[in-house]
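Notes for the one structure printed next.
The values are calculated or read from the model by the stated rules, or taken from the named source; none is laboratory data. The model shown is predicted, which means the values in this text are computed figures rather than measured ones. Positions of Cβ are backbone-derived with ideal geometry, glycine not excepted, and every protein chain shown enters the neighbour counts. Accessible surface areas use protein heavy atoms only, side chains included; no ligands, DNA or RNA. Shrake-Rupley method; radii C 1.70, N 1.55, O 1.52, S 1.80 Å.
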Amino acid sequence: MALRRRELLIGIAGAGGLALAGCAGEPAPPPKPAVIRFDPAADAHNVEARKPGTVKVADGTLRNVEWIDETGRSLPGVSAPDHRSWTSSEPLGYGHTYTAKAVAQGETGEVSATTTCSTVLPDRLIDVSLRSANKVEIAENDTYGVGFVLVAHFDEPVNREVAAAHMKITAEPAVTGAWYWLDDQNAHWRPERYYAPGTRITVAAELFGAALADGGYGLRDQRVSVLIGPAHVAIADDNTKQIEVFENGNLVRTMPTSMGKGGTAVVGGTVLSFWTRPGVYTVLDCRNPVTMDSSSYGLPVNSGLGYRTTIYHAVRLTHDGIYVHELAGSMWAQGNTDVSHGCLNISPDDAAWFYDFVIPGDVVEVRNTGGDPLDIWQNGDWTIAWPDWLRGGAA
């Protein structure tokens, strides 16, 4: 029995030894070759111009990458720190045919791969002008009033949804705003309420590569930021015939005024209004002097109501010629009677002060006058109720 037990133990030990020897003898996995992948993929056509070219490698590291267009120019690029990917440092351009070559080192040694692709060729390029409400392009670090409205004017009609998706507006401190389209070429952006003084607004129009219309693509990217100055708000009340001017909520000046005398006249088949329309205006620009000519809005100079005269210290509020300006000849009416064609007349001293005080984007609220409300095409963006603004404008 003792011998039998000893033989059994030896057999068990021997079997275990054989099993261990078998595990130790399994063959090692075969070496893996490096695998190179390109994006855009091989033979891709009409590739978006905005995207970069990329090369990635699996089971290896990149040794060399060349991305060359049809002229022989190399697209610059940067490898990742682990050398497993490469990305061009500029986007693919319009209308190019690229040849990409890459060499990678894997467990089996070096491998190489080559591919070609072509990018979209636009029928035409579309640009956008980024402006304030006064139709002047904004520039870096310009300062505007708390009623600043951003205007995007495109060279030609565009797809609104695509265009808006590629125009990003950020503000510090943050505000929520929206685009309002006057038509397919013109869009305005503003928040629900006036900006806080000191706000910085940054506009990034990332249109390069964007399909903005049938055959039309964005010409370029633009980025610009502007600042909001002190809160200048003037309230012109036709009940009192006074303009109260506030800076950051504090009343700094009260100015007697004479506004539009009201009524309408038909001249040459056109109905002309002599009201100072109620609504929220913003300052467009300041001119000293300015020649005011009634024929510019359809009222002949030689008619009974026509005029052509030089006016000083004129602050323009609308695109069709409403100003806050000096007029010594109407000082008898300022504060008690409306006698103008629609402008807000004030004294020479008040006009000189107001001219120096305001900047584009400052707010002038006109209250309790007659006539139709101020329209957006006149510079009435802030007159539109926020729910209506959110609907986006013209269909």
If the Cβ limit is 6 Å and pairs must be 6+ apart or interchain, which residue in the range 202-228 that is open to solvent by less than 30 Å² (accessible area, probe 1.4 Å) pairs with which residue that is modelled with pLDDT under 95 and assigned to a loop (DSSP other than H, G, I, E, B)? GLY209/GLU48; GLY209/ALA49; GLY209/ARG50
Extreme residue, nearest to the chain's Cα centre (by Cα), among residues of the range 189-235 that are among the charged types (D, E, K, R) and under 16 Å from HIS153 (Cβ atoms): ARG190
Need the failing condition index for GLU90 against (1) outside any strand (DSSP E or B); (2) of a type outside the set (A, V, I, L, M); (3) open to solvent by less than 50 Å² (accessible area, probe 1.4 Å), just the number. (3)
Suppose we filter the range 139-157 for residues that are under 21 Å from GLU192 (Cα atoms) and either of a type outside the set (A, V, I, L, M) or within 12 Å of the chain's Cα centre (by Cα) (or both); how many remain? 9
Selected residue (only one of THR170, THR116, THR99 is part of a strand (DSSP E or B), open to solvent by 40 Å² or more (accessible area, probe 1.4 Å), out of contact with any Gly (no Cβ under 6 Å at 6 or more places or on another chain) and under 20 Å from TYR195 (Cα atoms)): THR170
Does ASP388 satisfy being exposed (fewer than 14 other Cβ atoms within 10 Å of the Cβ), more than 21 Å from the chain's Cα centre (by Cα) and over 16 Å from ILE322 (Cα atoms)? no
Inspect all residues belonging to the range 91-112 and state whether any of them is basic (Lys, Arg), under 35 Å from the mean Cα position of the chain (by Cα) and farther than 30 Å from ALA28 by Cβ. no
Mind telling me which of the residues ALA163, ALA104 ends up being surrounded by 14 or more Cβ atoms within 10 Å (Cβ to Cβ), within 26 Å of THR282 (Cβ to Cβ) and out of contact with any helix residue (DSSP H, G or I) (no Cβ under 9 Å at 6 or more places or on another chain)? ALA163
Can you tell me how many residues in the range 340-358 are in a loop (DSSP other than H, G, I, E, B) and open to solvent by less than 50 Å² (accessible area, probe 1.4 Å)? 4
Does the range 233-264 hold any residues that are over 20 Å from PHE357 (Cα atoms), of a type in the set (Gly, Ala, Ser) and outside any strand (DSSP E or B), and which are they? GLY262, GLY263
Any chance ASP237 is of a type in the set (Asp, Glu), in contact (Cβ under 8 Å) with a residue 24 or more places away in the chain, open to solvent by 60 Å² or more (accessible area, probe 1.4 Å) and farther than 20 Å from ALA139 by Cα: no
